[in-house]
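Below: one structure, written as structure tokens.
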Amino acid sequence: MTVLTTTLPVLSPDGGLAKYLREIRNFPVLAAEEEYMLAKRWQEHEDVDAAHRLVTSHLRLVAKMALGFRHYGLPLADLISEGNLGLMRAVKKFDPDRGFRLATYAMWWIKAALHEYVLSSWSMVRLGTLAAHKKLFFNLRRVKARLHILDAHDLSAEDVSRIAQELDVPEGEVQLMNQRISGRDSSLNVPVSAEFSIERQDLLVDERPDQEAALAEREETRLGNSLLADGLKVLDDRELDILTERRLRDMPMTLEELGVRYGISRERVRQIENRAFTKLQTAVKAAALQKAGSLELPEA
């Protein structure tokens, strides 16, 4: 069920922070007794007006916490909106009989909402949802600053070890998260230069084979299969079976298994296999030379 239907002040994406802060300061801070009575009214009667007063009285807390996440480069309006959603969830689940104030309880919900928004918005590639990943993402910058480690794209082995020990996470996770945080997503449509209408995607190399190369490869494969099929016709049934089972299967039969099939020794199977392969090679080479000769242009 939605906690509120009453409109809240909204920070527009194009600015207006000072105006928004002035608006939310107009909502009074609640005394402990009044907060308790409003929370009971919401808990027992789902009084929307009571919930609205609880939310609006804590909008300043959301704004303060959202400002602490500005260094992630995300729109402040979105951060505040997500924090407000966390506050509403906190109001919905708040139990005033537990003996602590709403602000103490709501801080955890607001922080969780901001964390989830930052993680989901930072990159198109998921940065991870494990506790170790979140700890790294939100503490890596702070730990690097405290340890006087320059905010470089690559960390030395010593720096990685110090950070891993500080945060109690694997060293490989530290290196991976540092690289992913340092390399933000970049649009392929960004112009390379202001002077020329060239975008990054225009300079990407297409590694796929061109149509001529693909056609040549298909023709070569078709010709090879045709020569092989014709070459196999020179073998008798036993030679064809042994060569097929030994060299043309994904899981070849052993010499001993074929020896049992034909009632001969392993050595005899090996000799037949080698003889059949030599006959096949000779037939394929002869057919290839004949094919090449038929394709030569007649002399003028």
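Along the Cα→Cβ direction, 7 angstrom out, place labels at E116 and E220. What is the inter-label distance in nm? Those two pseudo-labels are separated by 5.4 nm. Multiplying the residue separation of N26 and Q165 by 0.36 nm and removing their Cα-Cα distance gives an extension gain of 45.4 nm. List the residues, sorted by chain then number, that are 5 or more residues from V169 or on another chain and whose placed amide H is less than 5 Å from its amide H. Sorted by chain and number, the residues that satisfy this come to none at all. For the range 252-276, the residues whose amide N sits under 14 Å from a probe point set 7 Å from the Cα of T244 along the beta carbon direction are 253.
Among M107, M88, sorting on how many other beta-carbon atoms sit within 10 Å of each Cβ, with the fewest leading, yields M107, M88. The local environment of P9, defined by Cβ-Cβ distances under 12 Å, has a net charge of +3 under the rule Lys, Arg +1 and Asp, Glu -1.
With θ taken as phi - 60° and the Karplus curve 6.51 cos²θ - 1.76 cosθ + 1.60 applied, the whole-hertz 3J(HN,Hα) list for the range 252-260 is x, 7, 7, 4, 5, 5, 5, x, 5 Hz, x standing for glycine and proline. With q set to 0.11 Å⁻¹, the log10 of I(q)/I(0) for the range 17-122, from the Debye formula over equal scatterers at the Cα positions, is -0.34.
No lab work stands behind these numbers, since they all come straight from the coordinates. These numbers were taken from a predicted model, which means no experiment stands behind them. Don't worry about glycine lacking a Cβ; one is built from the backbone with ideal geometry, like all the others, and counts go over all protein chains shown.
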